[in-house]
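A short worksheet on the structure shown next.
The values are calculated or read from the model by the stated rules, or taken from the named source; none is laboratory data. Since the model is a prediction, treat every value here as computed from it, not as a measurement. Glycine gets a Cβ as well: all are built from the backbone with ideal geometry, and neighbour counts include every protein chain shown. Protein only, heavy atoms only, side chains kept; ligands, DNA and RNA dropped before computing areas. Shrake-Rupley method; radii C 1.70, N 1.55, O 1.52, S 1.80 Å.
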Amino acid sequence: MKPYDERLTVPRAWWAMAALGVVLLGVALVPLGAVPLLCGLAAGGALCGVALSTYGSARIRVVADSLIAGQARIPLAALGEARALDADEARAWRTHRADARAHMLLRAYIPTAVRVEVTDPADPTPYLYLSTRRPDRLTKALAAARPDAG
């Protein structure tokens with residue numbers, strides 16, 4: 001089985017908006033001279049780049065006997081059924097159906113998700129909500145990697 005690995009990168013439009021914001025910062029700094037302009041562009045560009053890269057660095061991986069979702073590492077033996085959610089179902093599970101105890105790796109710019117039941121009785125988390133661009137592939141990878149899958 002090929003392991004599952006997905007990085008939840010921010011959309012390209014966000015990078016374009018950040019670049020536009022840096023250009024606008026440069027326009028605002030033009031009256032102060034060349035040095036403040038260049039320093040402002042460098043600092044603004046670096047800050048935007050770090051912020052977008054950090055926010056978009058969250059990953060979902062199925063490796064060996066674990067599901068890694070962001071900073072969480074959950075043994076597959078503690079997980080139950082994984083269900084792919086289309087855009088409407090995903091919206092419902094992150095709004096009016098959401099449980100405050102659930103672990104959510106939520107990225108609002110990704111409309112689809114996977115909901116994975118947590119079956120460990122010692123864990124108060126009822127389910128994992130994972131934003132993903134490929135919900136069907138993630139559910140198949142989880143099903144194939146489960147200890148009881150054979």
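Against the chain, whose longest principal axis is taken from its Cα atoms, helix 135-145 shows a tilt of about 50°. Where the alpha-carbon atoms of region 67-113 are placed on the principal axes, they occupy 29, 20, 20 Å, in descending order.
For region 93-150, the Stokes-Einstein estimate of translational diffusion at 25 °C and a viscosity of 0.890 mPa s comes to 198 µm²/s, using the Kirkwood hydrodynamic radius over alpha-carbon pairs.
Given R0 = 22 Å, the distance between the Cβ atoms of Tyr109 and Asp148 translates into a calculated FRET efficiency of 0.05. Only the Cβ atoms of Lys and Arg (+1) and of Asp and Glu (-1) were treated as charged; on that basis the dipole of region 4-101 about its Cα centre amounts to roughly 160 debye.
Ranking Tyr127, Ala51, Leu25 by how far each Cα lies toward the positive end of the dipole of the chain (charges on Cβ) leaves Leu25 at the top. Put a dot 7 Å past the Cα of Val23, heading toward its Cβ, do the same for Ala77, and the two dots end up 5.6 nm apart. For the chain, the relative contact order is 24 percent, taking Cα pairs closer than 8 Å that sit 6 or more residues apart in sequence and dividing their mean separation by the residue count.
Surface analysis of the chain yields an accessible area of 58 Å² per residue, using protein heavy atoms and a 1.4 Å probe. Backbone N atoms of region 16-32 closer than 15 Å to the 7 Å Cα→Cβ label point of Leu38 belong to residues 30, 32.
Over region 65-120, Cα pairs under 8 Å with separation of 6+ residues give a relative contact order of 47 percent.
Electrostatic bookkeeping for Trp93 treats Lys and Arg as +1 and Asp and Glu as -1; over the other residues with beta carbon under 13 Å from its beta carbon, the sum is 0. Surface composition of region 63-129: carbon plus sulfur atoms hold 52% of the accessible area, using a 1.4 angstrom probe and ignoring ligands, DNA and RNA. When only the Cβ of Lys, Arg, Asp and Glu is charged (+1, +1, -1, -1), the dipole of region 60-134 relative to its Cα centre reaches about 360 debye.
When the alpha carbon gyration tensor of the chain is reduced to an equivalent ellipsoid, the three semi-axes, largest first, read 40, 16, 13 Å.
Remark: the Tyr55-Ala13 segment gains 13.7 nm on full extension, using 0.36 nm per residue and subtracting the alpha carbon distance.
Taking the chain as a Gaussian network of alpha-carbon nodes connected by springs under 10 Å, the highest mean-square fluctuation of the residues Arg97, Arg137, Arg61 belongs to Arg97.
Spin-label pair Thr125-Asp99: with each label point 7 Å from Cα along the Cα-Cβ axis, the two points sit 1.2 nm from one another.
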